[in-house]
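Only one structure is covered here, and it is reproduced in the block below.
Computed from the coordinates by the stated procedures, all read-outs in this text should not be read as laboratory data. Model, not experiment: these values are computed from the prediction.
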Amino acid sequence: MKRETQRSKVKSHLESGQAITPMDALEKYGCFRLAAIIHDLKHDDGLPIEKELVVNRYGTRYAKYRVVQKSVNQRILDELNPTGEWRK
């Protein structure tokens, strides 16, 4: 049986509609390099992920990632023309 990778766990987490921070990734999935996984999911899998910079009470900034929900119109356009050539 093949074990589930950190990348697949993070992808499932994001696709379920939840946001994820580096601390969440470390605690839940043992992932130290969340930014690298997010980069791969965006560029290799084409997942529409947005980053929000959050500031904690100590003034430390960190990233919070979530999947961008497409509008109904955008989904229809993607289905009609998946390459997006005529929208450039």
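Per-structure values
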{"quantity": "Region 8-54 - Rg and Dmax from Cα coordinates, angstrom", "calculated": "9.9, 26"}
{"quantity": "Helix-only [θ]222 nm of the chain, DSSP H runs n ≥ 4, -39500 (n - 2.57) each, per residue, nearest 500", "calculated": "-12000 deg cm²/dmol"}
{"quantity": "Choice from GLU50, GLU15, GLU27 showing the highest fluctuation, given a GNM over the chain with Cα pairs closer than 10 Å", "calculated": "GLU27"}
{"quantity": "Using alpha carbons only: equivalent-ellipsoid semi-axes of the chain, gyration tensor based, whole Å", "calculated": "27, 18, 11"}
